[in-house]
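So the structure is just underneath, and the comments pick up after that.
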Amino acid sequence: MALKQSIQTIAFVLLATVIHSNAEELRSSQGSEPDIEKFYSNGSVIWSYSISTDGQHLCKVDFAVVSNQPDISFKRYSSDLHTRIPPARFRGQTFRIRGRFTNTRAHPPSGKFDTMDIEYYEDRQRQGHTGTSGMRYLEAIVFESENGDCAVFAVRPSPNTEAVRAHGHRRGPARAQVKQTLDLRIKSSSEDAEKTKRCFQEFKSEKYTKLHNGRVAQNIMSLGKCKTGCLSNQECAQRLLEEQ
């Protein structure tokens, strides 16, 4: 057990180091220190779009955020939950997310965090309880707009992420490549296409684009489809109605 925990700790440190090196490049250009806890403030609704050139058009909506440093919890609707990790499951489902704020920076500003280590949980109605899906991710804020309502996150699955145990299939560690992707995230009570496009263009300005070596997509493929998917999900739709 001690050996397993040590291996997981080492893997987490290595993973955080990779995200940190990429984030530092952006911050050196941005000239400011994003604060993930402030971005994920209590009661926020956050729309997330994949902007990586990996063929995945993932859309997520985070809501019911409860932040109590260093802990955070929220609900996350996912249109096609992390198809980067086969098999693709839980299309159009809402999950409970639990995590902790942390830092990849060697000398973080006082009271500021840049990363959250999160885990997905699902309501298992048959068993009458909430259980882990086995999926754990590091999500680091690497860019934030001047007004603080738009950000870009580097997302990377933890090496010890387990495949979802559904119907007895694929028990044990997931056989997936650990790959970092980028999400554009917008704080807004409803999907705002114009705000999203403006933020995307700001991020894709010359000083940021050159740091990504062509890994940033030219367009946001899931823009406009995210709200439709959210409205088709009971929990997500209810949240949007409450925000109106």
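Rule-based calculations on the coordinates, nothing more; no lab input. Keep in mind the model is a prediction, meaning the values are calculated, not measured.
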Between GLN244 and GLN218, what is 0.36 nm times their sequence separation minus the Cα-Cα distance? Round to one decimal in nm. 6.2 nm
For THR104, distant residues with modelled amide H under 5 Å away: ASP114, THR115
Using θ = phi - 60° and the Karplus form 6.51 cos²θ - 1.76 cosθ + 1.60, what ³J(HN,Hα) does each residue of the range 105-113 get, whole Hz, x for Gly and Pro? 7, 5, 10, x, x, 4, x, 10, 10
